[in-house]
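*Asks:* This structure is in structure tokens; I'll ask about it shortly.
The values are calculated or read from the model by the stated rules, or taken from the named source; none is laboratory data. Just so it is clear, the model here is predicted, and its values are computed rather than measured. Neighbour counts run over all protein chains shown; Cβ positions are idealised from the backbone, glycine included.
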Amino acid sequence: DAKTTQPNSMESNEEEPVHLPCNHSTISGTDYIHWYRQLPSQGPEYVIHGLTSNVNNRMASLAIAEDRKSSTLILHRATLRDAAVYYCILRAPGSSNTGKLIFGQGTTLQVKP
Amino acid sequence: DGGITQSPKYLFRKEGQNVTLSCEQNLNHDAMYWYRQDPGQGLRLIYYSQIVNDFQKGDIAEGYSVSREKKESFPLTVTSAQKNPTAFYLCASTSLAGGYNEQFFGPGTRLTVL
């Protein structure tokens, strides 16, 4: 599985936008980019995923670079409840028959009131 | 409500004992997974199962065993052969039907070896 690189930690102020970067320079043409987040002492939850085009959902937006070697998760207005560890994960479509995810260490987001 | 349940939430074990962690899902998902998480680290895959009566080792299967006798259930046994079992254990499931399928996670079991 291709590797992702994320900053260990980031800080944000409440109600401000947050941009969480992820580098995946070895991504293959068919790898999907996934984001999950894990609140303290809970299991991870799905945030968003994309392949080539930017994606939006109720939780966040995903901006994917044109060469697909990096992506950015955007939280439009951070709240205290968004304080979590955010994981950027690549999963090849060939693993759709197993659904396996490979987690890195993620980015710990702190949100200040 | 549909979801994944794990029990117990906290588990204490003496050295040399086997313990079994429960994971049940009522989402009709095909695949189920067990992960281990150590403090400040990401999740590591222990075992996974795509179908009843079949399962595969993940990256850190040594000292663990699983069974998948029913679609809804995927219990994990931490054996005495696991040298450092104190960790947070997470169970997940997903559908393997066509299209993108996110993984749904349970609330986790925190295992402490005394």
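*Asks:* Can we say A:Arg68 is within 30 Å of B:Asp54 (Cα to Cα) and of a type outside the set (Ser, Thr, Tyr)? Steps first, answer last, please.
*Replies:* Values: within 30 Å of B:Asp54 (Cα to Cα): no; of a type outside the set (Ser, Thr, Tyr): yes.
The answer is no for A:Arg68.
*Asks:* Further question: Which of the residues belonging to the range A:11-34 are modelled with pLDDT under 90 and either within 17 Å of A:Gln105 (Cβ to Cβ) or more than 14 Å from chain B (Cβ to nearest Cβ) (or both)?
*Replies:* Keep residues of the range A:11-34 that are modelled with pLDDT under 90, which gives A:26-32.
Correct list: A:Thr26, A:Ile27, A:Ser28, A:Gly29.
*Asks:* What strands (runs of 3 or more DSSP E) completely inside the range B:12-80 contain at least 1 residues that are surrounded by fewer than 21 Cβ atoms within 10 Å (Cβ to Cβ), of a type in the set (S, T, N, Q) and touching a residue at least 40 places away in the same chain (Cβ under 8 Å)? Even if it seems obvious, please write down each step before you answer.
*Replies:* Numbers: elements: B:19-25, B:31-37, B:43-51, B:54-57, B:64-66, B:76-78.
It comes to B:19-25, B:31-37, B:43-51, B:76-78.
*Asks:* Hey, another quick one. Restricting attention to the range B:56-113, report how many residues are under 15 Å from B:Asn18 (Cβ atoms) and either within 8 Å of another protein chain (Cβ to nearest Cβ) or touching a helix residue (DSSP H, G or I) at 6+ places or on another chain (Cβ under 9 Å) (or both).
*Replies:* The qualifying residues number 0.
*Asks:* Does A:Ser61 satisfy being surrounded by fewer than 19 Cβ atoms within 10 Å (Cβ to Cβ), away from chain B (no Cβ under 14 Å), under 12 Å from the mean Cα position of the chain (by Cα) and more than 21 Å from B:Ile4 (Cβ to Cβ)? First the steps, then the outcome.
*Replies:* Details: surrounded by fewer than 19 Cβ atoms within 10 Å (Cβ to Cβ): yes; away from chain B (no Cβ under 14 Å): yes; under 12 Å from the mean Cα position of the chain (by Cα): yes; more than 21 Å from B:Ile4 (Cβ to Cβ): yes.
Spelling it out, A:Ser61 is indeed surrounded by fewer than 19 Cβ atoms within 10 Å (Cβ to Cβ), away from chain B (no Cβ under 14 Å), under 12 Å from the mean Cα position of the chain (by Cα) and more than 21 Å from B:Ile4 (Cβ to Cβ).
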